[in-house]
Amino acid sequence: MQLDTYRRPLMDLRISVTDRCNFRCTYCMPLDEYDWLGKKEILTFEEIVRLATLFVQLGVEKIRLTGGEPLVRKDLEKLVSQLSPLPGLKDLCLTTNGSLLAEKAPALSAAGLRRVSVSLDTLNPEKFRAMTQRGNLNKVLEGLFAAKRYGLRPIKINAVIERGVNDDDILDLVDFSRKNGFGIRFIEYMDVGNSNGWLSEKVVSKAEILSRITSHYGLRETGRQGGSAPSVDYQVIDGAGDIGVIASVTEPFCSSCTRARLTADGKLVTCLFSARGHDLKALIRNGASDEELRDVISAVWRVRTDRYSDERLEAMKSGRGYEAKAHKKIEMITLGG
Ligand code: SAM
Ligand code: SF4
Ligand code: SF4
């Protein structure tokens with residue numbers, strides 16, 4: 001088991017398969033123009049599988065494919081079919097905006113994908129369009145139901161809640177997910193990347209999200225899955241409903257963070273808010289052996305000291321104020337949310 005400076009094991013890997021996205025969500029990547037990675041800069045499927053295999057040998061049990069929008073990467077199912085049989089890998093999942101899921105669900109399921117998380121922040125078509133700038137709500141709903149038909153489960157909805165934008169959609173989203181057998185995870189709005197204009201006033205806290213839900217439904221806390229999942233989960237007392245809240249801002253969970261990230265261009269990043277990563281692609285393309293790559297990955301993890309969200313909360317509580325742009329971070333679309 002690989003342990004970092006605070007004795008946190010390396011157990012999860014999030015792989016960004018592309019920095020490109022067909023949406024421009026205002027809270028993530030609102031910019032029309034961006035310095036996108038060139039085709040040659042992106043890891044090939046062969047390189048991803050090689051690195052994923054080494055990570056699993058080092059103790060990673062769970063891999064999440066993400067981006068950017070992972071389904072805009074051509075033939076993603078081919079990557080899934082190579083990752084799903086990796087010995088030692090217990091969980092392979094995909095986070096998607098759902099827009100291409102209806103057409104991709106059959107191939108993904110056949111390739112061995114076990115489950116999906118689909119981002120859906122509102123059920124109001126106009127608001128959905130405004131939040132994603134390019135998305136069509138119906139396409140995402142079609143994607144969700146196709147995933148269900150093709151047996152990808154559990155299906156979880158991810159909803160980022162931003163004050164004054166979609167905090168009035170919380171109960172609709174709970175009702176929709178209960179009715180259709182989807183789980184739902186509400187996410188506190190975070191200061192990811194450098195372009196979303198984050199302000200602490202726009203964060204709707206976990207306490208507030210829960211109080212909106214408990215005004216209608218009784219909830220029973222079931223804790224964090226596996227003890228280290230980002231989400232604190234709840235069951236609705238009447239039985240139907242799997243709800244969770246990811247409270248990165250108001251109740252950070254850095255002390256149990258076991259997640260590494262592999263960027264679309266092959267950098268190993270040890271925190272969602274990192275300014276830089278360690279270039280594994282350069283090593284691979286310069287002929288590094290598996291042993292050398294494993295040594296580098298363990299060395300990077302061993303010296304890991306990241307606790308950005310803990311530090312953010314300390315700064316917010318100190319009265320010193322908190323500057324979201326204190327350092328230039330890697331964009332979330334590149335490092336994988
Ligand atoms: N494009 C895919 C999607 O939207 O699901 C995968 C990549 S996206 C970066 C991964 C997750 O990050 C999504 O669930 C998205 O809602 C979340 N996310 C993006 N920006 C965020 C922010 N500022 N605060 C909290 N979560 C955010
Ligand atoms: Fe939205 Fe996901 Fe694209 Fe970010 S990566 S803009 S959250 S769809
Ligand atoms: Fe992990 Fe960094 Fe998030 Fe803390 S801020 S939970 S260390 S990714």
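The values are calculated or read from the model by the stated rules, or taken from the named source; none is laboratory data. As the structure is a prediction and not an experimental result, all values here were calculated from the model. Counting neighbours? That spans all protein chains shown, and the Cβs are built from the backbone with ideal geometry, glycine included. The protein model used for the area step is the full one, side chains on, heavy atoms only, and it has no ligands, DNA or RNA in it. Shrake-Rupley method; radii C 1.70, N 1.55, O 1.52, S 1.80 Å.
In the set 149, 178, 115, only one residue is in contact with a Cys (Cβ under 6 Å, 6 or more places away or on another chain) and away from ligand 2 (no atom under 13 Å from the Cβ); that residue is 115. Residue 74 falls short of the stated requirement of being within 16 Å of ligand 2 (Cβ to nearest atom), under 30 Å from residue 126 (Cα atoms) and among the basic types (Lys, Arg). What are the pairs with Cβ atoms under 6 angstrom where one residue, in segment 249-271, is under 21 Å from residue 207 (Cα atoms) and assigned to a loop (DSSP other than H, G, I, E, B) and the other, located anywhere, is open to solvent by 10 Å² or more (accessible area, probe 1.4 Å) and more than 16 Å from ligand 1 (Cβ to nearest atom)? Sequence gap at least six, or different chains. Taking only residues 6 or more apart or on different chains, the pairs are 252/310.
Closer than 20 Å to residue 6 by Cα and open to solvent by less than 10 Å² (accessible area, probe 1.4 Å): does that describe residue 258? Spelling it out, residue 258 is indeed closer than 20 Å to residue 6 by Cα and open to solvent by less than 10 Å² (accessible area, probe 1.4 Å). The residue of segment 180-193 that is modelled with the highest pLDDT, among those that are closer than 21 Å to residue 30 by Cβ and in contact with an Asp or Glu (Cβ under 6 Å, 6 or more places away or on another chain), is 189. Looking only at helices (runs of 4 or more DSSP H) that lie completely in segment 288-337, which have at least 2 residues being of a type in the set (D, E, K, R) and either within 16 Å of ligand 2 (Cβ to nearest atom) or open to solvent by 50 Å² or more (accessible area, probe 1.4 Å) (or both)? Helices (runs of 4 or more DSSP H) meeting the threshold: 290-302, 308-318.
One residue stands out among those in segment 209-240 that are without any contact (Cβ under 8 Å) to a residue 40 or more places away in the chain and within 16 Å of ligand 1 (Cβ to nearest atom): the one that is nearest to residue 333 (Cα to Cα), which is 230.
Selection of segment 49-64 for residues being within 16 Å of ligand 1 (Cβ to nearest atom) and either open to solvent by 20 Å² or more (accessible area, probe 1.4 Å) or touching a Gly at 6+ places or on another chain (Cβ under 7 Å) (or both) yields 62, 64. Looking at residue 1, is it surrounded by 18 or more Cβ atoms within 10 Å (Cβ to Cβ), within 28 Å of residue 226 (Cα to Cα) and either more than 15 Å from ligand 1 (Cβ to nearest atom) or over 19 Å from the mean Cα position of the chain (by Cα) (or both)? Here the answer is no, as residue 1 does not meet what is asked. Filtering segment 13-22 to residues that are within 16 Å of ligand 3 (Cβ to nearest atom) and either open to solvent by 20 Å² or more (accessible area, probe 1.4 Å) or free of Cβ contacts under 8 Å to residues at least 12 places away in the same chain (or both) leaves only 14.
Give the residue that is surrounded by the most Cβ atoms within 10 Å (Cβ to Cβ), with candidates limited to residues of segment 261-287 that are β-branched (Val, Ile, Thr) and away from ligand 1 (no atom under 16 Å from the Cβ). Taking the candidates together, the pick is 270.
On the given criteria, is residue 46 away from ligand 2 (no atom under 16 Å from the Cβ), within 19 Å of the chain's Cα centre (by Cα), open to solvent by 30 Å² or more (accessible area, probe 1.4 Å) and not hydroxyl-bearing (Ser, Thr, Tyr)? In short, no. Residue-level analysis places residue 193 outside the set of residues that are surrounded by fewer than 20 Cβ atoms within 10 Å (Cβ to Cβ) and in contact (Cβ under 8 Å) with a residue 24 or more places away in the chain. Taken over segment 23-43, the criterion of being over 16 Å from residue 267 (Cα atoms) and open to solvent by 40 Å² or more (accessible area, probe 1.4 Å) is satisfied by 26, 31, 32, 33, 34, 35. If you go through segment 206-226 and keep only what is closer than 23 Å to residue 316 by Cβ, open to solvent by 20 Å² or more (accessible area, probe 1.4 Å) and over 19 Å from the mean Cα position of the chain (by Cα), you end up with 207, 208, 210, 211, 212.
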